Structure formats: structure tokens, C-alpha cells
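Peer 1: Mind looking over this structure? Questions follow.
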Amino acid sequence: MEAILKWVVVSILGLFLFDSIAHSAEREPPILIGGTVSLEGTYQEPSLMVQKAFKLWIEEVNERGGLLGREVKLILYDDKSDKELTKNLYRKLIEQDKVDLVLSPTSTPLTMSASDISNQHKMLMLAVATSSGQPWQRSARYLFQLYAPANRQFIGLLELMAKKRYKTVSVIYNDQSGYNLDMVEGIKEWAKIFKIDIVYQKGYQNAKKELPGLLTEVKSVNAQGLINSSYPLDSYELLRLLDKGRYRPDVLALPIVPVSPDFQKNVGSIANHIFSPSQWEPVERIPFPGTKKFIEDFKKFTGHMPTYHAASAYAACQLYEQAINSTQTIDNTSLRDYIAVLDTATVLGRFKVDHAGMQVGHNSFIIQWQNGKKEIVWPQKMQTAQPVF
Amino acid sequence: MIKKQFPFYKRILFKLLLPVILVGFIISTLLVTYMSAPLETFLKRQFDASLSLSSIMGLRICEESFNYLLDLRLEKNFEMNEVMKKEAMDNIRDISEQFPDIHLIVLQAGELVKTSSMDNSPATWTGPLLTDKDDTTVVFDIGTEAVRAHVQFFPFWDWHIISFVFEKDYKAPVQMAYAITYSSALGVFFVVVATLLIVFYMFINRPLNRLIRATDGVTDGNLIKIDTISSGEFGHLMSSFNGMVDSLDSEKGAVRKLIHQLQESEAMFRSQFEYGNIGIAITTIDEQWVRANERLCRMLGYSEEELFTKAWNRLVDPQDLAAWMASFNCMLTDDFENYELDAQLLHKQGNVVFTQLSVSCIRNLDRSIKFVITSVVDITERMKAEQTRRDTNRILRLVLDTIPVRVFWKDRECQYLGGNQAFSEDAGLSSPAELIGKTDFDLAFAPQAELFRQYDRAVIDTGESRFFYEEQQNMPDGTIRWMLTSKVAMRDGLHNIVGLLGTYHDITDQRKAREELQKLRNYLSNIIDSMPSLLVGVDREGIVTQWNLEAKRTTGFSSKEAVGNRYSL
């Protein structure tokens, strides 16, 4: 009898509480956060991960009571990996949908397009998937980078190659993206430091058309290593050609695509021993706060292990939340000022930007596929396996 | 020349130990050979692991410095690099303190020595080119000294981090291991041999020695037991030896006793032979004389020499010769050991000597007769005495059978030993010989046997004779007659009662007459007593012989009072 009475009281109290919350929520309109994802096209694969991370965070933040007591709503449009479309969509988001905050699209080109609009409207944008420094070569006061810059992503691989006394490397890249260009610059810089000769270097625009010829040339110079800097579609094409031509240098490195947990499944045995830079990996060695929970929640939410794209997107959301909660406002300028001097840790790692807004706190590491498993091989303190050459 | 032989236990030791030593040495050598290599490999591997670890530690220090610079985005900052390099060099140098005998050296561009844990290290590398070396173990010389090194390459600073050990230090543990292995193997081997020696000495050599000494003692005639018994099989052997000594001692004692007995026996025999009153002749089976004693010679009146010229059958009276031969042949053929017979031998002077011969033989192991020993007892006097006794007995028997008195004699169990002819006939037998062994219950007077037995026992048990008592006795014809019997105890030379002697004669008629007389007296007495007048009878002396009732009535004296007294009026 006593137990029943207690249940009745608790239920009534709960109802009152819910009612008050509902009423309080009803009192303020939701905070709108808008962005685009590439559900097709060049940037589809990483963008899907970004989308999932956004949705996960929205659900979690609302479970926590939203931001500033307001529900948070997400508006995402498909930019189809198109720069112009991206620009238009962000214009729509800001001008028509009147979003309070914006999230970046995936990739440097799309981010550049989107940030043109967001900067115009003095809206804070955290670039969730931009390694290139290109966006910050113009004035981008309201744009902040989360990734480690592209020009630093292959330092680890080049050091490993130098240790192994590898002396030559070939570099091919899609020259349409600032990301790739920055990456190549970084490779050149560090190859010089490590006394590795870049015996072949060439950019391309159309992978399907140009890659076969490029590979013939690459094969002819027979460098000890081959680095291809491009997006997933180009990388898949390259791997297909390499497999077909039965050519494989000692060291083969690609950015982005090998970090997908389904990479081996997608490309087969050729995945073995491929190197790739990675901003983040879902392993216990990653010591950042909230990482373990994020991995578990993401897996539960999506059924997949997150890539660094997801971690980066989630980290951007974390920064928004932290900024809003700290400043108690959704005023983008206030938030921007807060972010600009912030030195903190997210699930992605350390976040600290320089005066331009480029990331200076976070570093990437090198992963390698070994026997169907993605292993961290650089830096040594983060190693899960020795590199295999 | 007698070859000097080592004592048994030393030879055993040599024969046992030498193979053990050889085998032990071979096994030790094999062990060392096959263990040393793996041990050496193990030690080298351990050392190589230390070399590798120390160089990896050096590399780690450099990597951490590099990552630190990357984190700070200061990898291109010269001052920062120098600071990190210096810190790295200090830390690398300190690594050697954790690894004894291992030195670390950092080379810049393969030539310039940036730092070294060795004192007085040269500024420039004098070792081999290391441009293509990374994470490998190499062997080379530094100056005149060979070293074993592990090289790590840190490309960012173009450093070679070399951890190395001088060959002599590298080999020292291996050599020590060899030394330890050899020493251990030899040590164990010697300990085993020493233990074997000690154990052999304690548990085999010493007891064996004792046993040998004791056995030698036995050989020399000293039946000395082993006083301290070991355990185990030797103890058992020693116990058996002591048992054997006891047995030998006992046998020796028995032999001594036997010898003593033999000596005694021989002495007795000799005494008897020489000085006894029995003539002894020792002959062979074919009657060749061996010995004859003085008594025999005197008995037959010959000297020994004369006797030896006589054959036995010439000495035996012809009428006894057949019996003698028969008995002798029986002993030969029927495996008798001895026989006795009475034979008459012929004296030298021609008279007969009655003898009792006891002939025995001494046989060989195959049962053939070696000697015949004849004991000759002169029974001539005895024969004479026997004859005299027989004569005396015959006379006595004649007397006994002639006298009318019945005589009988019994033993202590009341069995008849004899009696005279008259008694035998009273008993229902035909001759006294039939009495022997019988009791009263077996004879004609069996109805009185119980009573007779009582009287017999009274005499035998008390030794008191019973004289002239009357008893009835059944006769063979069924009549019962009265006898006047006397029985006396019969004693031997030592006055012990050996039976009883009884005599009796028939008093039936006398008794009848007495009864008749008594009857008459009673009749007369009655008449006298019945007389109304006083009647007194006196004899010549005046003694009253008769006194009747009237006399009593008259005088007041009874018959008893009067009869026998003088009559006075």
C-alpha cells in the first residue's frame, strides 16, 4: 500500500516537472543549427560520417535540456559535393531559415564556399573537415579549423620512411583542392628535412582519365614510395589501377579513404600495408575526454564505428555547446571571440587555434592496414603496431 | 715371483670407479658441449636484447623530443631544437647507467660524436659507416677493440644512436657461463665421485673389509665373530657370517667334545681293553687278528703272539663251532650289527673255558665290515655257580614238594611267583610252574580270593606277619576246608618288601574234633550245671577246674571267679 502511494506521488511530481519543462521549452523557440552534408559526389563517404555525428549530438544535447534551456534543432541540406550548391544552401540557411548557428560542410572546397557566406553574415563556423590552410589565406575571422593542417599530416610517414632508409618517393595529387595542394607542400617540406627525394610529382584533375598514364610514369621511375593526395573516389580508382597493373611500391599512402573502417571490405587485400594520415582513431589509446563514451554512443546510434570525420563533427558540436554554455548567448561574435582564445580538449583532441583560426593544438598520426586491421604506427607513443614495409 | 696383488676392496674400487669416472667424464663433456651452446646463445641473446633496448630507449627519447616540438609547432625553431637535443643527449647518456658494460654514443650525420657515455670519447667517429644501418646489430672495431653494437637512426636530427659493448665485456658472461658450466659439471661430477667413494667406503669397502678379515681369521682358525653389524645386504652377510662362525664354533665344540668323548671312550676302551675283566679280540672279517687284550690271552692261556697264530675256529670248541659260524654268517649277510652266544673255547692246556661271546662289527661307509670285535667273558665260574644253584634249587624244590605244608609266594601285586606242588594242587593246577603270574582270583579258592587279598595287602603294606590264623578255603573238588595259615613279608637284600611268603596246612579234621570236644564239654557242663547239688572239680594242685551253678548259688562266686583259683573250703 505504501509502495503504491509513493509511486502515485512520484508520478504526479514527474508530470508537474514535465509540464513545467514543456512549458518552459514552449516559452523560447528552438536554437536552429544548419549545415550541409554531401550525400552524393566526391565527398559523400566522409560526409555521411559527419551527418551521423551531427545527429547524435543533437539528440544528446536535447536530452541534456538543449542549449540555454532551448531545444536545439538541426537543419541539414544535401550539397551533393557541389561548391555552388553549397554556397546557395548556406545562403538559404542563414537568410531564409534564419539559423542561429552553422556547421561546416565536408571538405576544403565546400568549406571555402560555405565560409564565404558565413563570414559575410558574421556567423561562426567550425570547419569540421578541412585540413587545408586555404580557407584561412583570405580573411576568415569567423572560421576556425579543427583538423591538423594538411601540410603536417605526412610528417610521420616520411619519418618512418627515413628511418627505414627509403630515399625516393613519388607524389600524385588532385590539384583541384587546396587540401591536396597543402598536403603536397607539406610532403615536399618534410621530405627535404628527412632527405627523401621526390623523384616524381604530378597533379591531375580527372582521375579516371589521367591516372593510368600517371601510373605508368610512376612505375617507370620506380620510387620506393607512392603518395596519392586526393579524395575517396580518386583513391579507389588508383587502387583499382594498381591492382590491375600489379604494381605496388614498398610504401603506398593515401589520405581519407583508408581511415574508413570498411576500407578493407571495399578494396580487398590491396588494403594491406597502405598508410594513411588520420586525425583520430576510435582506440582506447586516445586519451581525450569523452572519447570512449562518444565511440560507444556513436556505435549504438549508427551501428558503425566512427571515423575521424565523425569525431571532428562531434567535436565541433562540443565546442559550440561549450561556447554557448560559457557565454550564455548564441551571439556569434561572442561565440567567435570565445572560440578564438580557447585551449581545450574535445573528443578529437586538443583544440587551439592561431590568430588566423588555423589549428595549432591538434596533430594527426599515421595509420596502416595490417591483416585486416587498422593500426596506429606513428607516433611511437600512440603505436598499436610496428609499421610494416 | 709372486705377483703383488692389491687388496680386494681396492681392486673393486678401481674396477668400479674407473668406468664411473670415464662415463661421468664423457657425460660431463657432452653436457657441457650441448648445454654451453644454448647457454651461450641465451646469454648473447640477453646481451643483444639489452643493446637493442638501450638503443631503442635512446631513440624513444629523440622521438619524444620530436613530438614535443611538433606539438608546439616549433620543430623548425633552432633554439628549441638545440634545447631538445641537449636534453635528449643527457638522457641518452644516462641510459648507460642502467645497463652495465653498455655504452651509448650519438653520432650526427654518421660522423660527429654528439655525446658519449664513455670517458675520453673521440670527437669524430672512427667506426664504420652506418648510413644504411637502422635497428640492427653490428660488429666492428673501435680503435683496436672489437665491439658489438645496436644502431638506431633518428632521421629528424640525422642522429645515429649507437649502443655498444666491447667484445671482452660481451664475452665475459659467456666465458663465465662456460666456466660455471664446466665447474658445475666437474664439481657435480667430483661430488658424485666423492660421494660414491665415501658411500662405497662406508657401505661396501669397510664392511667388506671386516668380512674379509673375519674370513681370514676363520681360515687361520680364529672363530671370531664380527662385532659391528652393518645394515642392508652386508649386514645380512655379516649376520650369516656370524651365524656360520657360531655354527663352526658349535661344531668345533662338538668336535672337541666328540674328540674328548672319543678320547675318553678310547681311554675307557683302552682301560677296558687292557685292564678289564673281559677278553677282547679284534679281528678282520677273514679272521685275521688285529688286537687281543691281556685278559683274553690269560683266559685262553696263550701269549698274544701265540694267539695271533691261532684261527678263531681253532679256539672254539667243535660242539659250539657250528652255532658260532651260523651267528657270524648272519651278521655278515643279514646286516646285523651284533650277536651274543655262549660258547666253549679251548684253553691252551686243553680244558674248556665257558665263555659268553658278544660279537659286534665296525663297518665301512659302504657297510662292508672292517673289524669284528669279540668280547669274551669267562663264565666258567658262573657256570659252576649256576650249576650249584640249580642243584640247590632242585633240593629245595624236593623239600618243598615233599613237606605236607602248602607253601606259596607272591609279589607285591599279589601275583603268584611260585609255590610247592601241594599248593599247586590245592589251587587246582598240576604244577607250580602254572602258578606264576596268576592271582587268587584265577584259582580254585577264588571265592576266598578277596579275603586272601586283604590279608596279603595287610602283610605286604605293613610288613607285619600273620601267624596261625584259621581260614576257610575252597578246594578244587568243591569242598571247603579249614586251613591254618601264616603269612610273612618277603624282603630283598635291602630289606625292601618284595612280596610275601605264605604257608598253611589243613586243619579241617582237627577243627572238627575240637568242635566235637567242645560240644561234649558243653553237654557235660550243662549236666553239671543242671545238677542240684554243688559240684566242684579240682586238679592235683587243688586248682578249681569245674564250678557249677549250684556252687555259685551256694558260694556266691561265679565260675569265672572260681575256676583257676585254689580251692579252699
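Only the coordinates and a few stated rules stand behind these numbers; no lab work does. Owing to the predicted nature of the structure, the values given are computational and were not obtained by experimental measurement. With ideal geometry, Cβ positions are generated from the backbone for all residues, glycine too; neighbour counts draw on all protein chains shown.
Peer 1: About its Cα centre, what dipole magnitude does segment A:98-204 give when the only charges are +1 on Lys and Arg Cβ and -1 on Asp and Glu Cβ, stated in debye to the nearest 20?
Peer 2: 360 debye
Peer 1: Can you give me the distance in nm between label points at B:LEU258 and B:THR215, each placed 7 Å from the Cα along the Cα-to-Cβ direction?
Peer 2: Here the modelled spin labels are 2.6 nm apart.
Peer 1: Hey, what do the phi angles of segment B:355-372 turn into as Karplus ³J(HN,Hα) couplings, whole Hz, using 6.51/-1.76/1.60 and θ = phi - 60°, x for Gly and Pro?
Peer 2: 10, 10, 9, 10, 10, 9, 10, 10, 9, 6, 5, 8, 6, 6, 7, 8, 9, 10
Peer 1: Quote to one decimal, in nm, the extra length available between B:ASP442 and B:ILE369 on full extension: 0.36 nm per residue of separation minus the C-alpha distance between them.
Peer 2: Additional length available on full extension: 21.0 nm.
Peer 1: Right, another one. Any idea what angle helix B:508-530 forms with the longest principal axis of chain B, computed on alpha-carbon atoms, 0 to 90 degrees, nearest 10?
Peer 2: 60 degrees
Peer 1: First measure r as the distance between the Cβ atoms of B:LEU517 and B:ASP342, then evaluate 1/(1 + (r/R0)^6) with R0 = 56 Å and state the FRET efficiency to the nearest 0.05.
Peer 2: Efficiency, rounded to the nearest 0.05: 0.35.
Peer 1: If you take the square roots of the eigenvalues of the alpha-carbon gyration tensor of segment A:113-238 and sort them as a ≥ b ≥ c, do you get rounded (a/c under 1.5), prolate (a/b over b/c) or oblate?
Peer 2: In terms of gyration-tensor shape, oblate.
Peer 1: Could you let me know the centre-to-centre spacing of segment B:350-364 and segment B:296-341, using Cα atoms, in angstrom?
Peer 2: About 5 Å separates the Cα centre of segment B:350-364 from the one of segment B:296-341.
Peer 1: From the square roots a ≥ b ≥ c of the eigenvalues of the alpha-carbon gyration tensor of the protein assembly as shown, which class results: rounded (a/c under 1.5), prolate (a/b over b/c), or oblate?
Peer 2: Cα axes put the protein assembly as shown in the prolate bin.
Peer 1: A further question on this structure: Under the 0.36 nm per residue contour assumption, what length would be gained going from the current alpha-carbon distance of A:VAL199 and A:GLN120 to full extension?
Peer 2: Once the chain is fully extended between A:VAL199 and A:GLN120, it gains 24.1 nm.
Peer 1: Taking the Cα centre of the protein assembly as shown as the origin, how large is its charge dipole in debye, to the nearest 20, when only Lys and Arg (+1) and Asp and Glu (-1) carry charge on their Cβ atoms?
Peer 2: That gives the protein assembly as shown a dipole magnitude of about 1560 debye.
Peer 1: Using Cα pairs closer than 8 Å and at least 6 residues apart in sequence, work out the relative contact order for segment B:363-462, in percent.
Peer 2: 15 percent
Peer 1: Further question on the same structure: Calculate how steeply helix B:380-402 sits against the longest principal axis of the alpha-carbon atoms of chain B, using the helix alpha-carbon long axis, and give the answer as 0 to 90 degrees to the nearest 10.
Peer 2: That works out to roughly 50 degrees.
Peer 1: Suppose the chain between B:ASP286 and B:VAL199 were pulled fully straight at 0.36 nm per residue; how much longer would it get relative to their current alpha carbon spacing?
Peer 2: 24.4 nm
Peer 1: Let me ask you something else. Kindly express, to the nearest 10 degrees and within the range 0 to 90, the angle between helix A:44-63's C-alpha long axis and the longest C-alpha principal axis of chain A.
Peer 2: It works out to around 20 degrees.
Peer 1: To continue, here is another question. How many nm is it between the label spots at B:HIS236 and B:GLN175, if each spot is 7 Å from the Cα in line with the beta carbon?
Peer 2: My value for the distance between the label points is 5.6 nm.
Peer 1: Give the cross-link partners of B:LYS310 among the lysines, using a straight C-alpha distance below 25 Å as the criterion and excluding same-chain residues fewer than 8 apart.
Peer 2: Output for B:LYS310: B:LYS348, B:LYS370.
Peer 1: Taking amide hydrogens as modeled 1.01 Å from N in the peptide plane, which residues meet the under 5 Å criterion relative to B:ARG491, leaving out close sequence neighbours?
Peer 2: B:VAL498
Peer 1: Provide the packing ranking of A:301-309, A:185-193, B:70-78, i.e. peptides ordered by the mean count of other C-beta atoms within 10 Å per residue, highest first.
Peer 2: In decreasing order of mean packing, A:301-309, A:185-193, B:70-78 become A:301-309, A:185-193, B:70-78.
Peer 1: A follow-up question, please. Return the sequence-ordered ³J(HN,Hα) values of segment B:139-144 in whole Hz as given by the Karplus equation 6.51 cos²θ - 1.76 cosθ + 1.60 applied to θ = phi - 60°, using x for Gly and Pro.
Peer 2: Once θ is set to phi - 60°, the couplings for segment B:139-144 become 10, 7, 10, 10, x, 9 Hz.
Peer 1: On to the next question. Could you state the number of Å between the C-alpha centres of segment B:464-514 and segment A:153-217?
Peer 2: Spelled out, the Cα-based centre of one part sits 171 Å from the other.
Peer 1: May I ask which of A:LYS299/A:LYS381; A:LYS55/A:LYS300; A:LYS195/B:LYS114; A:LYS195/B:LYS86 have a Cα-Cα span longer than 18 Å here?
Peer 2: A:LYS299/A:LYS381; A:LYS195/B:LYS114; A:LYS195/B:LYS86
Peer 1: Just to verify a number: FRET efficiency for B:LEU494 and B:ARG453, C-beta to C-beta distance, R0 = 30 Å, to 0.05?
Peer 2: Calculated transfer efficiency: 0.70.
Peer 1: Apply the a/c threshold of 1.5 to the C-alpha gyration tensor of segment B:447-569 and tell me whether it is rounded, prolate or oblate.
Peer 2: Prolate shape, in that a/c is at least 1.5 and a/b is the bigger ratio.
Peer 1: If you don't mind, there's one more thing I want to ask. Can you compute the modelled spin-label distance between B:ASN393 and A:TYR247, with each label point 7 Å from Cα toward Cβ, in nm?
Peer 2: 16.1 nm
Peer 1: Relative contact order of chain B: what whole-number percent is it, with Cα pairs under 8 angstrom and at least 6 residues apart?
Peer 2: Once normalised by length, the contact order is 6 percent.
Peer 1: Can I ask one more? When ranked by the protection proxy of mean other Cβ atoms within 10 Å per residue, highest first, what sequence do the peptides B:345-351, B:50-56 form?
Peer 2: Taking the mean over residues of other Cβ atoms within 10 Å, the ranking is B:50-56, B:345-351.
Peer 1: Separate question: Hey, how many Å between the Cα centroid of segment A:105-124 and the Cα centroid of segment A:306-377?
Peer 2: 17 Å
Peer 1: Something else now. Starting from the Cα of B:GLU381, move 7 Å in the Cα-to-Cβ direction to define the label point; list residues of segment B:333-355 whose amide nitrogen is under 16 Å from there.
Peer 2: In segment B:333-355, the label zone of B:GLU381 (backbone N under 16 Å from the point 7 Å along Cα→Cβ) covers B:353-355.
Peer 1: Which FRET efficiency value, to the nearest 0.05, do you get for A:GLU296 and A:ASP343 by plugging their Cβ-Cβ distance into 1/(1 + (r/R0)^6) with R0 = 30 Å?
Peer 2: So the FRET efficiency works out to roughly 0.65.
Peer 1: Go through segment A:378-387 residue by residue and turn each phi into a ³J(HN,Hα) via Karplus (6.51, -1.76, 1.60, θ = phi - 60°); whole Hz please, and just put x for glycine and proline.
Peer 2: Taking θ as phi minus 60°, the curve returns 8, x, 4, 5, 9, 4, 10, 7, 6, x Hz for segment A:378-387.
Peer 1: Can you list residues whose amide H is under 5 Å from A:LEU74's amide H, if they're 5+ apart or on another chain and H is modeled 1.01 Å from N?
Peer 2: A:ILE33
Peer 1: Could you tell me what percent of the DSSP beta bridges with both partners in the protein assembly as shown are antiparallel, to the nearest 5?
Peer 2: Among the beta bridges of the protein assembly as shown, antiparallel pairing accounts for roughly 75 percent.
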